[in-house]
Amino acid sequence: MIVRYVCSNGKEYSLIGDRMRATSGNFHKYEWKQNSTEIQFGDSVYGFTKESVKYSITLTMRGKLESRKAMIDELTDAFEYDIVNATPGRIYYGEYYIDCYISGLSSEISGTWNNWTDCKVDIYCPYPFWSMEQSKSFYPDSAHKGEEYEFLDYPFDYAYDYSRPAAGSQHWIIDHYRNSNFKMTIYGPCANPRITINSHVYQVYDTLEPEEYMIIESRDKTVTKHLSNGTVRNIFAKREKKSSVFEKIPPGELLVSWSGDFGFDVTVYKERSVPKWS
């Protein structure tokens, strides 16, 4: 199992490496708070909520004294980079990750008489779910129509070739147990792009030129337009109001339909209270 911390500046640190290893603490704990009212016998439950999550782990540094000091200094810089810029880092546990800030660190540098130092680290996660991403690209009808799929290039020949699925209608299976937040990226050129997933409509009333795209983020409730010159515009007000563009995507087999005149990508965030062990 790979466990690592990724700073918001892109630097990565293995938490189970030779020089540094998490030696205590765990990520496999969670709590839901019930929303309920007292009745004559017990409670009547009408929902559950989850607050932000905090973890505490111990990182053990190994190596020569100066090497341990340098590692702690480098980690402190990375942790505080996230804090001062208010941009969370991420902890990955296998395929799952959670956005976080390292809100506290305590360490005492041991002398040259041993080769290890313990650092106690406090982790604050404002959004209390671990996520694994599942993505799919939906191509416009004009993009390489009829060409063979490179990833279906078998080492032996069939009497026929596998080609790109027909644009405008495709099936997609989300293997999860709950509705999922998502990121939807729509590419120009197109006008007033409309996408239907099962029976739910996602639509934004705006025009995209070539090399422009828009992003719908259901978790953050944002709709942004990205121009070819790098400018980013807030187009939240141009979303369809009667059918929410932030409606979570259900699990199971989906039918995705659109005009076929434009392409788009969808990334689903399969969220859990804890990362899977396997």
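Observations
- Looking only at segment 47-68, and only at residues there that are in a loop (DSSP other than H, G, I, E, B) and at pLDDT 95 or above, the one that is surrounded by the most Cβ atoms within 10 Å (Cβ to Cβ): Lys50
- Scanning segment 1-29 for residues that are within 21 Å of the chain's Cα centre (by Cα) and among the β-branched types (Val, Ile, Thr), we see that the one that is modelled with the highest pLDDT is Val6.
- Within segment 1-21, the set of residues being assigned to a loop (DSSP other than H, G, I, E, B), in contact with a Phe, Trp or Tyr (Cβ under 9 Å, 6 or more places away or on another chain) and of a type in the set (Gly, Ala, Ser) comprises Ser8 only.
Every residue, every condition in (1) β-branched (Val, Ile, Thr); (2) crowded, with 19+ Cβ neighbours inside 10 Å; (3) assigned to a helix (DSSP H, G or I), yes or no:
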site	(1), (2), (3)
Ala70	no, no, yes
Glu80	no, no, yes
Val84	yes, no, yes
Thr87	yes, no, no
Ile109	yes, no, no
Asn114	no, no, no
Asp122	no, no, no
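- Restricting the first member to segment 45-72 and to residues that are under 16 Å from Met20 (Cα atoms), and the second to residues that are aromatic (Phe, Trp, Tyr) and surrounded by 11 or more Cβ atoms within 10 Å (Cβ to Cβ), the beta-carbon pairs closer than 7 Å and six or more apart or on different chains are Thr60/Trp116; Met61/Trp116; Arg62/Trp116.
- Cβ pairs under 8 Å, 6+ apart, first in segment 168-179 and in the same structural domain as Glu253 (by TED's automatic domain parsing) and within 12 Å of Pro251 (Cα to Cα), second surrounded by 13 or more Cβ atoms within 10 Å (Cβ to Cβ) and among the acidic types (Asp, Glu): Arg178/Glu271
The values are calculated or read from the model by the stated rules, or taken from the named source; none is laboratory data. Just so we're clear, the structure is a prediction, and the values are computed from it rather than from any experiment. Every residue, glycine as well, gets a Cβ built from its backbone with ideal geometry; the counts of neighbours run over all protein chains shown.
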